[in-house]
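*Asks:* To start, I am sharing the structure in question, which I have written as C-alpha cells.
The values are calculated or read from the model by the stated rules, or taken from the named source; none is laboratory data. Please read all numbers here as calculations on a predicted model, not as lab measurements. Quick reminder, even Gly has a Cβ in these numbers, built from the backbone with ideal geometry, and neighbours come from all protein chains shown.
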Amino acid sequence: MSKYLLNKFLFTVDRDPELVERYREEPRATVTWWEAEYANRILGCHTGESSTWLRFDDTEREALATHDYPKLFELGAHPFLTLTLFIAMFERDHAEPLGFQLEYARRLAHHDLPYPDIAT
Amino acid sequence: MAELVAVIASTHHPFYYRASTSTGDDRPPFADEWVRKVEAFRETLTRARPDVLVMVGSDHFHQLWLDNMPQFLVGKAPFYDANFSNEEREFGLPRMFFTGQEDLSAYILREGLDAGFDLAFSNELRIDHSITCPIITLRPQNDLPIVPIYTNIFAPPLPRPKRFVQLGRTIRQLIESWPSDQRVAVIGTGHLSLELGGPRQFGPHGPDPEFDRRAVEWISSGDLEGCLAEVTLDSLHAPGNATHGFMDFMLMMGVAGEGQKADYVDTYDLFHTMEAYFTWYPNGGGRP
C-alpha cells in the first residue's frame, strides 16, 4: 500500500490543467496511463532518471479509477491534495456556492476521530 | 543592529482577495466588514515603518514535495515569483512578484545553522498563498523586500510545537543581531481550527469554536507556557484535520516572547474559519 503514490497521483494531476480534464473525463484510462508512464518519474530529477518500484495496489487503483474520494480519505491520501483536485474537477457541476464542498463533507460524515493516518 | 519593529500573526484566508475585490451580486455579505477589519490591521504594520519583511508561512504542496521535504526552509534569492495555477483556479489569486533581501536570508541561514537549526534553503522559490495572502492584506503595494521562511505543518512527521516556538525565539535573536540599520517586521500566518478535505469542512464557523476562543486567548496574552502545556501534535487533530497550521502562530508567539501581550487583537467569525489578527510592537514604537 502506498499513500505516497496516491498523493503523487493527486499532486501531479492537479498541477497540470490538461491532466485535470483528462482525469475528469476518463478516470480509469488516465489512471492506467499514469501508473504506466508517470508513477516512477522522480519529479526533481533529470527526466532520464526514474524509479522502478512504484505501483498501486488494487484498492488504490480502483479508488482513483472511480473518483471515489471517500475511499481515498479512508486510505490516508492527503486530504488537501484530494480536496483541491476534486474541487477543480467537480465544483463546476454545482450551482450553489460551496455546493460540492458541502456534499464532500456529507459523504465523509461517517468518519469519527481519529481520522485515517496520513503519514507517508 | 537591525531593529525588530513589529511582530504580526495572522490567519491566511485565500478567499479574501476575491471577496474584497468582487462587486455587485458577486460580493458576499461579509466582505465589507472583512475589508474594514483588514484595513485596520494593515495600519498596525504601516505604523511600524518597516524596511524588510520576514514572512513565515507554509508551502501547500506547490514547490515542496514528499520526495524531498524540508521541515524548515529559508528562501535566499534576489526575487520570488508567487502564486500557483491551482491558487489562481480555486481562489482567483493573481500572479505576484517579490524582491528578496538576500543579506538577511544569508545571515539567518548561517547564524541559524550555528544556533542549532539545520535549515534547508532554496535559491529558486516560488511562494504560495501562505505568504501572498498577508502581503495582499497587510502590504498590498508590495514594495518591501522579503525573506520567506517555510515551515512544515502539512506533511507528517512534523516538528513538535515546542520546536516552532524555539525557531521563533531564534528568528527574533537573529534579526536583533543582524548588523544592519534596517527596520524589520516579522509576519507569520497559520490557522486556528481548520478542516480541509474532511467531514467538518466548510461549516458555518470554524470546526472548533472553543479551540479558537482558547487559541486567541493564548496568543493575545502571550501565554506560551499554557499553550505549550496543552497543544501537542496529537491534540491538534481534534479541532480539525488542518489545525497543525496553528503551530505557525506558536512560532510567532516565540518571536513575540513569553508573556508579551499583543498590542492589537481582532477576530472575525466567518464560515469555515475564525479569522484572527495580532500585532506586537517589541519596542513600543508602533503604539498609537
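*Asks:* Please go through the range B:47-71 and pick out each residue that is surrounded by fewer than 21 Cβ atoms within 10 Å (Cβ to Cβ) and either more than 12 Å from every other protein chain (Cβ to nearest Cβ) or not in a loop (DSSP other than H, G, I, E, B) (or both).
*Replies:* Correct list: B:ARG47, B:ARG49, B:ASP51, B:PRO70, B:GLN71.
*Asks:* Next question. Scanning for something closer than 28 Å to B:HIS244 by Cβ, modelled with pLDDT under 95 and facing chain B (nearest Cβ under 10 Å), does the range A:51-72 turn up at least one residue?
*Replies:* Among the residues of the range A:51-72, not one is closer than 28 Å to B:HIS244 by Cβ, modelled with pLDDT under 95 and facing chain B (nearest Cβ under 10 Å), which makes the answer no.
*Asks:* Sticking with this one: Tell me, please, whether a residue that is surrounded by fewer than 18 Cβ atoms within 10 Å (Cβ to Cβ), of a type in the set (Asp, Glu) and in contact (Cβ under 8 Å) with a residue 40 or more places away in the chain can be found in the range A:40-50. So that I can check it myself, show each step before the final result.
*Replies:* In the first step, residues of the range A:40-50 are kept if they are surrounded by fewer than 18 Cβ atoms within 10 Å (Cβ to Cβ); the result is A:40-50.
Within this subset, residues satisfying the condition of being of a type in the set (Asp, Glu) are A:49.
Restricting the remaining residues to those that are in contact (Cβ under 8 Å) with a residue 40 or more places away in the chain gives none.
So far as the range A:40-50 goes, no, none of its residues is surrounded by fewer than 18 Cβ atoms within 10 Å (Cβ to Cβ), of a type in the set (Asp, Glu) and in contact (Cβ under 8 Å) with a residue 40 or more places away in the chain.
*Asks:* Give me the pairs: first residue in the range A:1-17 and at the interface with chain B (Cβ under 7 Å from one of its Cβ atoms), second residue of a type in the set (A, V, I, L, M, F, W, C) and in a helix (DSSP H, G or I), beta-carbon distance under 6 Å, and six or more apart or on different chains, which are they?
*Replies:* Qualifying pairs under 6 Å: A:ASN7/A:LEU81; A:PHE11/A:LEU81; A:ASP14/A:LEU85.
*Asks:* Of the residues A:ARG28, A:ARG24, which is in contact (Cβ under 8 Å) with a residue 40 or more places away in the chain, of a type outside the set (A, V, I, L, M, F, W, C) and out of contact with any Gly (no Cβ under 8 Å at 6 or more places or on another chain)? I'd like the intermediate steps shown before the answer.
*Replies:* Working: A:ARG28 fails: in contact (Cβ under 8 Å) with a residue 40 or more places away in the chain.
One residue alone meets the criteria, A:ARG24.
*Asks:* Name the residue, out of A:ASP112, A:ASP117, that is within 12 Å of another protein chain (Cβ to nearest Cβ), closer than 25 Å to B:ALA238 by Cα and either among the β-branched types (Val, Ile, Thr) or in contact (Cβ under 8 Å) with a residue 24 or more places away in the chain (or both). Walk me through it before giving the result.
*Replies:* Working: A:ASP112 fails: either among the β-branched types (Val, Ile, Thr) or in contact (Cβ under 8 Å) with a residue 24 or more places away in the chain (or both).
Exactly one of A:ASP112, A:ASP117 is within 12 Å of another protein chain (Cβ to nearest Cβ), closer than 25 Å to B:ALA238 by Cα and either among the β-branched types (Val, Ile, Thr) or in contact (Cβ under 8 Å) with a residue 24 or more places away in the chain (or both), namely A:ASP117.
*Asks:* Next question. Which of the residues spanning the range B:24-44 are at negative phi and over 21 Å from the mean Cα position of the chain (by Cα)?
*Replies:* B:ASP25, B:ASP26, B:ARG27, B:PRO28, B:PRO29, B:PHE30, B:ALA31, B:ASP32, B:GLU33, listed by residue number.
*Asks:* Please count how many residues of the range A:73-90 are more than 8 Å from chain B (Cβ to nearest Cβ) and within 30 Å of B:PRO28 (Cα to Cα). Even if it seems obvious, please write down each step before you answer.
*Replies:* Taking the range A:73-90 first, the residues more than 8 Å from chain B (Cβ to nearest Cβ) are A:74-77, A:85-86, A:89-90.
If we keep only those that are within 30 Å of B:PRO28 (Cα to Cα) too, we end up with A:85-86, A:89-90.
Within the range A:73-90, residues that are more than 8 Å from chain B (Cβ to nearest Cβ) and within 30 Å of B:PRO28 (Cα to Cα) number 4.
*Asks:* Considering the range B:205-251 alone, what residues qualify as being among the acidic types (Asp, Glu) and out of contact with any Leu (no Cβ under 9 Å at 6 or more places or on another chain)?
*Replies:* If we filter the range B:205-251 for residues that are among the acidic types (Asp, Glu), which is where we start, we get B:208, B:210, B:212, B:217, B:223, B:225, B:230, B:234, B:248.
B:GLU210, B:GLU217, B:ASP223, B:GLU225, B:GLU230, B:ASP234, B:ASP248 - these are the residues of the range B:205-251 that are among the acidic types (Asp, Glu) and out of contact with any Leu (no Cβ under 9 Å at 6 or more places or on another chain).
*Asks:* Now for a different question. Name, by its number, the condition in (1) outside any helix (DSSP H, G or I); (2) within 30 Å of B:PRO29 (Cβ to Cβ); (3) within 16 Å of the chain's Cα centre (by Cα); (4) of a type outside the set (Asp, Glu) that does not hold for A:ALA95.
*Replies:* (3)
*Asks:* Kindly indicate which of A:TYR115, A:TYR104 is part of a helix (DSSP H, G or I), in contact with a Pro (Cβ under 9 Å, 6 or more places away or on another chain), of a type outside the set (Asp, Glu) and within 18 Å of B:GLY197 (Cα to Cα).
*Replies:* Details: A:TYR115 fails: part of a helix (DSSP H, G or I).
Selected residue: A:TYR104, the only one of A:TYR115, A:TYR104 that is part of a helix (DSSP H, G or I), in contact with a Pro (Cβ under 9 Å, 6 or more places away or on another chain), of a type outside the set (Asp, Glu) and within 18 Å of B:GLY197 (Cα to Cα).
*Asks:* Further question on the same structure: Is the range B:129-144 home to any residue that is within 19 Å of B:LEU73 (Cα to Cα) and within 14 Å of another protein chain (Cβ to nearest Cβ)?
*Replies:* Yes.
*Asks:* Could you list all residues from the range B:266-286 that are surrounded by fewer than 16 Cβ atoms within 10 Å (Cβ to Cβ) and free of Cβ contacts under 8 Å to residues at least 60 places away in the same chain? Step through it out loud before you land on a result.
*Replies:* We begin by selecting, within the range B:266-286, every residue surrounded by fewer than 16 Cβ atoms within 10 Å (Cβ to Cβ); these are B:269, B:271, B:283-285.
B:GLY284, the sole residue that qualifies.
*Asks:* For the range B:27-41, what are the residues that are without any contact (Cβ under 8 Å) to a residue 40 or more places away in the chain and outside any helix (DSSP H, G or I)? Let's see the steps before the verdict.
*Replies:* Taking the range B:27-41 first, the residues without any contact (Cβ under 8 Å) to a residue 40 or more places away in the chain are B:27-29, B:31-32, B:35-36, B:39.
B:ARG27, B:PRO28, B:PRO29, listed by residue number.
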